[in-house]
Amino acid sequence: MNLPAVSPPLPPAISRDRHVAPAVALGWLKAGWRDLTIEPFASIAYGLLVFVVSFMLVGGLFAFGWDYILFPVFAGFMVVGPLLAIGLYEKSRRIAANERVSLLQMILVRPKSGGQVLFAGLLLCTLMLVWIRAAVIIYALFFGVNPFPGLGGVAAMLFTTPVGWAMLISGTAVGGLFAAFSFAISVFAIPMLLNERVDALTAMGTSMAMVWANLPVMLTWAAIALGLFLINVMTGMLAMVLVFPLLGHGTWHAYVAMKPGAEVPGAS
């Protein structure tokens, strides 16, 4: 007699119960701040390096006349942000394992998954490029071949015309899909690739399953990350020196809390 197939139970942190309270995300942020204040120079210097690279990228866009993709690039930064934060995950891992922490170790991090991190980074960069291309296509669909009016004129074009409002609604919807997908596949994947011997596709698939199975708390964490990112943009990216390390350390604690077996060997 053939028995019906039974799906194996999912691990506790990837359960369908979704009992993790959204307020837990604030605890991750608090834990991230604690890690930031331990050897703070390393985290702040790391954030400063990311700020300098971002500043140079934005300057390059203006220098080459590519300012029309500035906003998609800002959004795309959130796609590759988890990859750039791998050194911050390493610092939090070392703190948990009572190991020595230094900026050099954060930069020259050696993930347990080896080159799989590079493969994951390639996939995330490809996703960012696809999003930028989609944003350009959306602009062309609504405004045709009209030249980009520059940052000074784009606000009036978007907020005072029906076509501008239609583009904002469409662009926000498409961008939201890209953001949700990239967040789901990357938020836990990069910490997992650092801490475990796993391939990139498995890490991304597991990350998506973890996000979906714990949706309320992960939506809260995404809202916190978005709010801090908007503060960063409003300060001309200067807040990145603190915001980026804070989110990086906090994401590590989210990974440890939500992933079975993610505890760091040697941690108390």
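Here are the numbers:
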read-out: Cut-off 17 Å (backbone N to label point 7 Å along Cα→Cβ of PHE62), residues of region 223-263; value: 233-239
read-out: Fully extended contour minus Cα-Cα distance, from ILE44 to ALA134, at 0.36 nm per residue; value: 29.0 nm
read-out: Charge sum, other residues only, whose C-beta stays under 12 Å from GLU99's C-beta, Lys/Arg counted +1 and Asp/Glu -1; value: +2
read-out: Rounded if a/c under 1.5, otherwise prolate or oblate - region 33-79, Cα gyration tensor axes; value: oblate
read-out: Cβ-based net charge around ALA203, under 14 Å, with every Lys or Arg adding one and every Asp or Glu removing one; value: +1
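Read the figures in this text as sums done on the coordinates, not as results from a lab. Given the structure is predicted, the values throughout are model-derived calculations rather than measurements. Here the Cβ is made from the backbone with ideal geometry for all residues, glycine too, and neighbour counts use every protein chain on show.
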